[in-house]
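Remarks on the structure that follows.
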Amino acid sequence: MNNKCLSAWLLLSLLGLTLQALAQDAPAREITNITGDLYRVTDNAHRTMFLLTPEGIILTDPISVDFSTWLKAELEERYDVPVRYVLYSHHHDDHASGGAIFADTAIFVGHENMNSNLAREAENSIFKNVRPPDVTFTDRIAVTLGGKTVEMIHALPSHSDDSAIIRFLDERTIFAVDFVNVGRVPFENMGGGPVAPWIAANMHMQATVDYDIATLGHGPVGNKADVGDSIRYLEVLLSEVTAGIEAGLSLEEMQETILMEGFSHYINYDLWREQNIQGTYRGLMDE
Ligand SMILES: [Zn+2]
Ligand SMILES: [Zn+2]
């Protein structure tokens, strides 16, 4: 290899490495159809949804400034109507940030507790990109656009006290975030609070909300039976940790012995099972 060849080879290798690094850093983003004009958008581990109507787009969580900037460009390329509504699942920054990107055309709707939760976090910089809702609701609200209706229903408090179950009526599909899972264990220690309210919120949703498809803030798409299965995960978790405490087991002993084997196929079972037990334990000990 002569010197010219060598430098060309070096340059190409460096370029290859750079491209590889860029590919690894690039967020995994994807728009997939759920049913009819309803779509799910993936941003790494986070998901949101949008419904296309002849008069505009109804979007759920904006997720982040970077994601919303990307999504806005994607939507503009695909459709000739703007985002008219942004419907918040809850106030947490990793789902609710970035809304300002759509503020030129959209009305923002969230549960009324979002405002007090955001006011409490006013000095917390991680919430700086969460645009407060323009319109709030207490129990439920219906948003109608281009002949389509989307309902927001207040979930019982668990993961947060401002969670909305967002229901696309014609599509028989719900979008709900963090307090509901399918095929996936809940995040880390579930906030370390009591688990019973999570079960209650899920049971209440199952009993009162009519839907077929569950598209959630994380993880795979499921159906109503899949949500039922994940409620059983929470019930087993709670009953086994309760029994462990009554038997005088330490947290470490419970983390070794409570295996919930029927759920070992759940996403992040290996990663978060022990933290789920720790959070459940803490929730019970603090009661
Ligand atoms: Zn959350
Ligand atoms: Zn989340």
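Every number in this text was worked out from the coordinates using simple rules, so none of it is lab data. As the structure is a prediction and not an experimental result, all values here were calculated from the model. As a convention, Cβ positions derive from the backbone with ideal geometry for all residues, glycine included, and neighbour counts pool all protein chains shown.
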Take the cross-link list Lys72/Lys224; Lys128/Lys148; Lys148/Lys224 and give me the ones stretching past 24 Å between alpha-carbons. Lys72/Lys224; Lys128/Lys148
Net charge, Glu151 excluded, C-beta distance under 9 Å - Lys, Arg +1, Asp, Glu -1: +2
Unit charges on C-beta of K, R, D, E only; dipole of the chain, Debye: 780 debye
Could you give me the radius of gyration and the Dmax of the chain, taking only the C-alpha atoms into account and expressing both in angstrom? 21.7, 76
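Please list the helices of the chain that count as membrane-span-like by this rule: a mean Kyte-Doolittle hydropathy of at least -0.5 together with Cα atoms stretching 15 Å or more along the helix axis, each helix being a complete DSSP H run.
3-25, 196-208, 224-246
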Spherically averaged projected area in nm², based on the convex hull that wraps the Cα atoms of region 102-228: 8.6 nm²
Which of Glu235, Glu77 has the fewest other C-beta atoms within 10 Å, and how do the rest follow up to the most? Glu77, Glu235
I want the local charge near Glu274. Using Cβ-Cβ distances under 14 Å, sum +1 for each Lys or Arg and -1 for each Asp or Glu among the other residues. -4
In what sequence do Thr48, Thr149 fall when counting other Cβ within 10 Å, fewest first? Thr149, Thr48
Taking N as the number of residues in region 26-179, the ratio of its alpha carbon radius of gyration to 2.2 N^0.38 Å works out to 0.95
In whole angstrom, note down how far apart the Cα centers of region 150-186 and region 198-240 are. 10 Å
Projected onto the charge dipole of the chain (unit charges on the beta-carbon of Lys, Arg, Asp and Glu, signs +1, +1, -1, -1), the Cα from Thr35, Val81, Met285 with the largest positive-side position is that of Val81
